[in-house]
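Here is the structure we will look at, set down as structure tokens.
The values are calculated or read from the model by the stated rules, or taken from the named source; none is laboratory data. Quick caveat, the model's predicted, so the values are computed rather than measured. As a convention, Cβ positions derive from the backbone with ideal geometry for all residues, glycine included, and neighbour counts pool all protein chains shown. When the accessible area is computed, the model is the full protein with side chains, heavy atoms only, and any ligands, DNA or RNA have been set aside. Shrake-Rupley method; radii C 1.70, N 1.55, O 1.52, S 1.80 Å.
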Amino acid sequence: MYAVIRAGGKQYRVAPGDVVKVEKLGVAEGETVEFKDVLAVSGQEGQIGPGAGASVTGTVVEEGRKDKILVFHLKRKKQYKKMYGHRQAFSAVRITEIAFDGQTFSAPALPAKKKKAAPAEGSAKATSKAAATRRNRSTAKPAKKKSPAKKKSAAKGKKK
């Protein structure tokens, strides 16, 4: 089951569980968003039909900005150059449900995130890290000492 939605002037093919980066929606992270502008919906048999009466819901996972795009204008032989950058804002939305014709297709729930435990001071990782730094210090090459510069004798340089 999938649907084609319109968001931010673009069209996206979404299925339950997909994460889609759309234009910034102005909704805080963790809130629910409903897309009413559904263009097409596919049924279970694989038939595609109009999306009238369908709705797609999702939760905002993240908000951010994409990579910078550099825009450079140049007019040859006129000494004209202009360069500026642009970063587009986005909202990452995880599609949770597609409702159509009295049926709802929902995404499986995400597992809860586990916290990483900090290693104890006497743990094997901490001791191996300390040993590795000691090894690196012992194998490092000592700094070279500069030898004193040789003086040229005045007698050698003169011709008779």
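General remarks:
- Residue satisfying all of: in the stretch 42-66; open to solvent by 80 Å² or more (accessible area, probe 1.4 Å) and among the hydrophobic types (A, V, I, L, M, F, W, C); modelled with the highest pLDDT among these: Ala52
- Close pairs from the stretch 13-24: first without any contact (Cβ under 8 Å) to a residue 12 or more places away in the chain, partner surrounded by 15 or more Cβ atoms within 10 Å (Cβ to Cβ) and not aliphatic (A, V, I, L, M), Cβ under 7 Å, at least 6 apart: Arg13/Tyr2
- The residue that is surrounded by the fewest Cβ atoms within 10 Å (Cβ to Cβ), counting only those in the stretch 16-41 that are modelled with pLDDT of 90 or more and of a type in the set (Lys, Arg), is Lys24.
- Test result for Lys77, open to solvent by 70 Å² or more (accessible area, probe 1.4 Å), part of a strand (DSSP E or B) and free of Cβ contacts under 8 Å to residues at least 40 places away in the same chain: no
- Candidate set from the stretch 87-116 (those that are assigned to a loop (DSSP other than H, G, I, E, B), open to solvent by less than 90 Å² (accessible area, probe 1.4 Å) and within 29 Å of Ala52 (Cα to Cα)); member that is modelled with the lowest pLDDT: Gly102
- Test: Val20 is out of contact with any helix residue (DSSP H, G or I) (no Cβ under 7 Å at 6 or more places or on another chain), under 17 Å from Ala107 (Cα atoms) and assigned to a strand (DSSP E or B): yes
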